[in-house]
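Working notes for the structure below.
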Amino acid sequence: MSTAPEGGQVPTGRSAVVAGIGSYVPPDVVTNEDLTARLDTSDEWIRSRTGIATRHVVSAGTATSDLAVEAGRRALKSAGSADVDAVVLATTTPDHPCPATAPAVAAQLGLSDVPAFDVAAVCTGFLYGLASAGGLIATGIADRVLLVAADAFTTIIDPEDRTTAVIFADGAGAVVLRAGRPDEPGAVGPLVLGSDGSLADLIEVPAGGSRQRSTGRGAPPEDHFFRMRGRDTYRHAVERMTAASRKAVERRGWKLADIDRFAAHQANARILTAVADRLLIPADRQLSNIEHVGNTGGASIPLLLSQAAQDGRLSDGQKVLLTAFGGGLAWGATTLTWPDLDPF
Ligand code: UT7
């Protein structure tokens, strides 16, 4: 379940250190009232079941790479240098099935020659992206990596499906990671990651891949939309994020009581509270932005960190616990001490 050796850091001693952070949400906002006008739902149901009041959505013609480029640009500005050796993009909504979207993002940022690839881990994409980027740094392939997590989830949501249309939204967050020491502020701690593909059908887009194409028949239109079995997903989300969080804190050599800020994937406000309660993390240490951005998939953790750092809820020296859960199933957790940087 863990990608890190017991008790420790990457074998080379070169850790990935957060050197810059940025985020972007598209300007269009959809309110709960907008949704109740066309769906059998209510502001009360959405707020009480999910904690969401408004969310940002892409306009026609906008793709994931557009969000990713803007977040990436801001992270590079935050890092004070546009010089990176690799670009990793975590996304569930690539611009096209082929090729990967990361090279297009790199090219638009003026980074045409660097290695660039996508990571597919749905809502845990940012943490799997940290593992990928950290590996590039640990092995010496790269000294500086731009990791972007971006999703235009509304492009795969059935607008008529009230069980998903009220939850999912669009956005992007990005960090610049540089090679550094494991004991410096911003160093990404031991990563705890896991998956359970036997439960892949809890969260899926059934059509569009080789399984459906190999039958030679077109899939029904609804099979191209995202589906989630919410109640079952909820239970696994709470269990997996709680267990992964405990392990990540223990492997860092910290205690749960040491955690100053809890930054979980913004899946649902009730899930966040349920996990934090189990970890005995008080409300004033829990970061949340789901009320205003909804569930932005893999983008949610860096978007949350960036916004919290900008508005002062997160400041340097604080011990942060990150955890995520989503389709795959896939989950993870890690820790870091927040570094002194200018967020955008
Ligand atoms: O980000 C990746 C990971 N995702 C998650 O972790 C999400 C996990 N799940 C959830 O967040 C929640 O399960 C949901 C927010 C999706 C649903 O909340 P719930 O409390 O689990 O509701 P439910 O699915 O059990 O549905 C309760 C009722 C049902 O009606 P009946 O069968 O009780 O008559 C649904 O049909 O609520 C109904 N319902 C709605 N009613 C009004 C479902 N969606 C809506 C809606 N408006 N939008």
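Say a site is exposed when it is one of the GluC sites (Glu not before Pro), sits in a DSSP loop, and has at most 16 other Cβ atoms within 10 Å; what is then the longest site-free stretch of the chain? Intermediate results must be reported in sequence, preceding the final value.
Values: sites that count: 6, 160.
Free of exposed loop sites, the longest segment is 161-344.
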From phi via Karplus (6.51, -1.76, 1.60), per-residue ³J(HN,Hα) for the stretch 134-150 in Hz, x at Gly/Pro: x, x, 4, 6, 4, 8, x, 5, 9, 9, 9, 10, 9, 10, 10, 10, 9
CD proxy at 222 nm, helix term only [per DSSP H run n ≥ 4: -39500 (n - 2.57); per residue of the chain; nearest 500]: -9000 deg cm²/dmol
Farthest positive-ward along the chain dipole, Cα basis, beta-carbon charges - from 126, 109, 31: 126
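Would you mind ranking 65, 81, 112, 195 so that the residue whose beta carbon has the fewest other beta carbons within 10 Å leads the list?
Numbers: 65 26, 81 13, 112 10, 195 18.
Least crowded to most crowded, the residues run 112, 81, 195, 65.
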The stretch 198-249 and the stretch 114-156: distance between their alpha carbon centers, rounded to Å: 20 Å
Residue among 199, 76, 54 farthest towards the positive dipole end of the chain, charges placed on Cβ: 199
GNM result for the chain, Cα springs below 10 Å: residue of 248, 174, 68 fluctuating most strongly: 248
Choice from 237, 179, 207 with maximal GNM fluctuation in the chain (Cα, 10 Å cutoff): 207
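Using the Cα centre of the chain as the reference point, and only Cβ charges (+1 on K/R, -1 on D/E), how large is the resulting charge dipole? Debye, rounded to the nearest 20. Before the final figure, lay out each step's value.
Details: 31 positive and 39 negative charges, 171 e Å.
I would put it at about 820 debye.
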Charge dipole (the chain, unit charges on Cβ, about Cα centre) - positive-most of 174, 273, 155: 273
Burial ranking of peptide ranges 276-286, 254-264 (average Cβ count within 10 Å, highest at the top): 254-264, 276-286
Order by protection proxy (mean Cβ within 10 Å, highest first), peptides 302-314, 123-135: 123-135, 302-314
Gap separating the Cα centres of the stretch 42-111 and the stretch 273-335, nearest whole Å: 18 Å
Gained length - residue 59 relative to residue 44, 0.36 nm times residue gap less alpha-carbon distance: 2.8 nm
Spin-label model distance (nm) - residue 342 vs residue 207, 7 Å beyond Cα toward Cβ: 4.9 nm
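Set the Förster distance to 56 Å, then compute FRET efficiency between residue 284 and residue 214 from the Cβ-Cβ distance, nearest 0.05. Please report the intermediate quantities before stating the final value.
Numbers: r = 52 Å, r/R0 = 0.94.
It comes to 0.60.
Since every read-out is calculated from the coordinates, none of them should be taken as a lab result. Here the structure is a predicted model, which means the values were calculated and not measured. For neighbour counting, all protein chains shown are included, and Cβ atoms are generated from backbone atoms with ideal geometry for every residue, glycine included.
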